[in-house]
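Student: Below is a structure I'd like to ask you about.
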Amino acid sequence: MSFYSQAFAHLSVQKKNHTLWVTLNNPEQSNAISLEMVDSLTRVLRFADFDSLVRVIVITGEGTSFCAGGDVKAMQNKTGMFAGESNELRMRYMHGIQQIPKCIEELSKPVIAMVNGPAIGAGCDLAMMCDLRIGTEKAKFGETFVKLGLVPGDGGSFFLQRVIGFSKAMQMSLTGDLVSGAEALNWGLLNYLVPVESLLAETEEVGG
């Protein structure tokens, strides 16, 4: 059994030709990021970076969402990666969700986000960590932390402004408003805006 064919918690992986397709797979929670997903995603990405047969990595979401960000119920209940008091929570972030941006920044392979639906909070940040983003009119981006009384803690405050500039990043962060469709393309949140029915084919074309 190959590395990619094993079961990964909250993640599906498939290698097609020289492209590795990584699908966030927690659809009951709109692909919200869990501790299990963090572990699976970083393991797969680090392995793929050493795989000479992988030339490009595509990250997408199962179903109709790209990624809803953090698990709001876990936040409310202070469970999982949101358990503990302030210092413990800081350490959980450092050794948990913050491992994703650290991992992606260290990759030598290009990473494409195929944004098949809403990319909210940490999901928006994950898309910004990728080198290219391709999506449809169903793609929506939101830095909604402010609506929950949270500070972006997963690297988004760095990656978002690097992609769309300080002014637009501040607008998204301070308002929590969603950006979709052609506006996302104009802002630079998307590199490519394609028809829904063409998303997979167009992503394959961009990935070469």
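Student: Can you work out the Karplus-derived ³J(HN,Hα) for every residue in region 196-206? Use 6.51 cos²θ - 1.76 cosθ + 1.60 with θ = phi - 60°, whole Hz, and x for glycine or proline.
Tutor: Each residue of region 196-206 in turn: 3, 6, 9, 4, 5, 5, 5, 5, 4, 5, 5 Hz.
Student: Going through the cross-link list 109/147; 15/147; 147/168, which pairs have a Cα-Cα distance over 27 Å in this structure?
Tutor: Table pairs above 27 Å Cα-Cα are 109/147; 15/147.
Student: About its Cα centre, how strong a charge dipole does the chain have in debye, to the nearest 20, once Lys and Arg get +1 and Asp and Glu get -1 at the Cβ?
Tutor: Charge dipole of the chain: 240 debye, to the nearest 20.
Student: Quickly work out the residue 99-to-residue 196 label distance, labels modelled 7 Å from Cα along the C-beta direction, and quote it in nm with one decimal.
Tutor: 3.6 nm
Student: With a point put 7 Å past each Cα toward its Cβ, work out how far residue 51 is from residue 174 in nm, to one decimal.
Tutor: 4.4 nm
Student: Right, here's the next one. Could you tell me the distance between the Cα centroids of region 13-72 and region 157-179, to the nearest Å?
Tutor: Using only Cα atoms to place each centre, the spacing works out to 24 Å.
Student: Continuing with the same structure: As I understand it, the dipole of region 130-208 uses +1 on the Cβ of Lys and Arg and -1 on the Cβ of Asp and Glu, about the Cα centre. Which of 199, 132, 155 lies farthest toward its positive end?
Tutor: Ranked along the dipole, the leading option is 155.
Student: Rounded to the nearest 0.05, what FRET efficiency do residue 39 and residue 205 have when you use their Cβ-Cβ distance and R0 = 30 Å?
Tutor: Computed FRET efficiency for residue 39 and residue 205: 0.40.
Student: Given H placed 1.01 Å from N in the peptide plane, which residues other than close sequence neighbours of residue 133 have an amide H under 5 Å from its amide H?
Tutor: Result for residue 133 returns 113, 191, 192.
FYI, it's all coordinate maths here, none of it is from the lab. Not measured: the values here are computed from a predicted model. Quick reminder, even Gly has a Cβ in these numbers, built from the backbone with ideal geometry, and neighbours come from all protein chains shown.
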